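Asks: Structure provided below as structure tokens; questions to follow.
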Amino acid sequence: MQLRLLTLLSALVLALCYLVTARSAAPDWGNAGHPIHVIPMLSLQMGTSPGIGGALLAFFSHLADSSWSVGLHESRYAYDLIESVHVWTLCLFFGLAVMFDLRLLGWTMRTVPVSEVARRLLPWTVVGFVSMVTSGTLLFLAIPLRSYQNIFFRTKMVMLLLAGLNVWIFHSGVYRRVATWDAASVPPRAARVAGALSLALWVCIVLSGRMIAYNWFDCDRQPQRPIINFLTSCVPTQSEEH
Amino acid sequence: MSLLGFFQWCEQSGIGDAIRRSSWLFPVIEAIHLLGLGVIGGAVLVVDLRLLGLGLRRQSAAQLARDAQPWLVGSLLLMIITGSLLFLSEAMKCYYHEAFWFKMTSLFLAIVFTFTIQRKVIAAGEARLRPVWSKVVALVSVILWSGVGFGGRWIGFS
């Protein structure tokens, strides 16, 4: 059972890595005079990268030109306000999710039945999560291309998927038998593992989310290690390679 | 030493200088600071939602406050330590930033309120107080702690 889950998980991560980084054709360096679509602050070769990665790149650069994106980006207060909402709802979502995970680990509210915590507090985490996704999407819309190629953003998205998978495994697995361990001050091993995994994943998601703001690994800061350019699907122009 | 002098002294401290010179120290400390904020949010909300009648119901607010206390105090300490480090690296910016003073005022009020008035109200128990007071106390607590979070976020915006 656990082996199957592990295989499933690694397959998922691999597929995702492929989807976000796929560049089927090698860029054609020799084609001088070929029009290169240069986006301010970012230099990317457009049109030479077919495949899903290239299509996404084209889509997000198109999105960056939309009035929505420009409006969010250029407004004096929109971005700051949305980011503040994102941080506030982080307290609601992350804070209460942490409290639930800590209960699963038996580290707080040990006398409160787990199902009671789930029934009364998890709806709030759902509210928090929806608000976070909404505000997060708007933040992404404001700077779509740079975010899409940001290594921390990509890390965050992969870990979000893993966290979602963990929630699904927990609720379809050990939580179905919650009646048998509801009042236990320290829940069974499977529940503790789910709690610890969830805690670790959400902590990493918050950390990488905060790091999106920093440009150490951005495409316009060449030279980067090849592995970084691979993970961010950056294709540095020839002059930048040296 | 005047307040301005103190801020200048902080700005010139070795620790502040080291954080400023590193490209990754500030972001890492800041990210840990944010984690602390999230945990404080959870510990505060568990109690406040109970007082508002929107969270856990069967346990007394006093019991929940006792359960959440170590996490509240622990993350508050983490935030004060990381926050002081961040402050040392940009004390002069803070001195001239309204958001910093707003945040410090909110933080002072939030800590005082949580550990005095709110604690008294919770200890008094529901039986001896009109329910509306529990709700008012919870709302004030949420507003004060939100002020700390918003103020903190706005220090970063210029």
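The numbers here are math on the coordinates, done by the rules we state, and not lab data. Here the structure is a predicted model, which means the values were calculated and not measured. When we count neighbours, we look across all protein chains shown, and the Cβ atoms used for this are built from the backbone with ideal geometry, even at glycine.
Asks: Dividing the Cα convex hull volume of the protein assembly as shown by residue count, how many Å³ per residue is that? Numbers along the way, then the final one.
Replies: Numbers: hull volume 65.6 nm³, N = 400.
Considering the Cα atoms of the protein assembly as shown, their hull volume per residue is 164 Å³.
Asks: I would also like to ask the following. According to the square roots a ≥ b ≥ c of the eigenvalues of the Cα gyration tensor, what is the shape class of segment B:1-53, taking rounded for a/c under 1.5, prolate for a/b larger than b/c otherwise, and oblate for the remainder?
Replies: oblate
Asks: Using the Cα centre as the reference, give the magnitude of the dipole from point charges on the C-beta atoms of segment B:3-155 (Lys, Arg: +1; Asp, Glu: -1; all else neutral), rounded to the nearest 20 debye.
Replies: On the way: 14 positive and 8 negative charges, 139 e Å.
Computed about the Cα centre, the dipole is about 660 debye.
Asks: Which residues in segment B:128-146 place their backbone N less than 14 Å from a point set 7 Å from the Cα of B:S60 along the Cα-to-Cβ direction?
Replies: B:128-129
Asks: Please list, or write none, the lysines whose alpha carbon is within less than 23 Å of the alpha carbon of B:K135, excluding same-chain residues fewer than 8 places away.
Replies: B:K120
Asks: Let me check against my output: what whole-number percent is the relative contact order of segment A:49-241, with C-alpha pairs under 8 Å and at least 6 apart? Walk me through the numbers on the way to the answer.
Replies: Working: 195 pairs, mean separation 52.9, N = 193.
Computed value for segment A:49-241: 27 percent relative contact order.
Asks: In terms of Cα to Cα distance under 18 Å, which aspartates and glutamates are near enough to B:K103, apart from those fewer than 8 places away along the same chain?
Replies: Within the straight-line limit of under 18 Å, B:K103 reaches these aspartates and glutamates: A:D80, A:E83, B:E30, B:E90.
Asks: Applying the Karplus parametrisation 6.51 cos²θ - 1.76 cosθ + 1.60 with θ = phi - 60° to the phi angles of segment A:102-111, what ³J(HN,Hα) value in whole Hz is obtained for each residue in order, glycine and proline being reported as x?
Replies: Each residue's phi maps through the Karplus curve to give 5, 5, 4, 7, x, 9, 7, 6, 5, 8 Hz.
Asks: According to the square roots a ≥ b ≥ c of the eigenvalues of the Cα gyration tensor, what is the shape class of segment A:49-241, taking rounded for a/c under 1.5, prolate for a/b larger than b/c otherwise, and oblate for the remainder? Don't skip to the end; give the middle numbers.
Replies: On the way: a/c = 2.84, a/b = 1.97, b/c = 1.44.
The shape class here is prolate.
Asks: Express the relative contact order of chain B as a whole percentage, based on alpha carbon pairs under 8 Å and six or more residues apart in sequence. Each step should come with its number before you reach the end.
Replies: On the way: 150 pairs, mean separation 49.5, N = 158.
Computed over chain B, the figure is 31 percent.
Asks: Separate question: Assign unit charges at the C-beta atoms only (+1 for Lys and Arg, -1 for Asp and Glu), then state the dipole size of the protein assembly as shown relative to its Cα centre in Debye, rounded to the nearest 20.
Replies: Values: 31 positive and 20 negative charges, 364 e Å.
For this selection, approximately 1760 debye.
Asks: Now for a different question. Would you be so kind as to identify all helices of chain B, as entire DSSP H runs, whose Cα atoms reach 20 Å or more along the helix's own axis and whose mean Kyte-Doolittle hydropathy is at least -0.5?
Replies: Result, helices passing both filters: B:25-52, B:61-89, B:98-113, B:131-155.
Asks: Dipole of the protein assembly as shown (Lys/Arg Cβ +1, Asp/Glu Cβ -1, origin at the Cα centre): which of A:Y175, B:G83, A:N215 lies farthest to the positive side?
Replies: Ranked along the dipole, the leading option is A:Y175.
Asks: For q = 0.09, 0.14, 0.20 Å⁻¹, what log10 I(q)/I(0) does chain B give under the Debye formula with an equal point scatterer on each alpha carbon and no solvent?
Replies: Computed log10 I(q)/I(0) values: -0.35, -0.74, -1.20.
Asks: Further, regarding this structure: With unit charges on the beta carbons (Lys and Arg positive, Asp and Glu negative) and the dipole taken about the Cα centre of the protein assembly as shown, which residue among B:G42, B:G152, A:G106 sits farthest to the positive side?
Replies: Result: A:G106.
Asks: Given a Förster distance of 25 angstrom, what is the FRET efficiency for B:I111 paired with A:A183, based on the Cβ-Cβ distance and rounded to 0.05?
Replies: Working: r = 34 Å, r/R0 = 1.37.
Given R0 = 25 Å and the Cβ-Cβ separation, E is 0.15.
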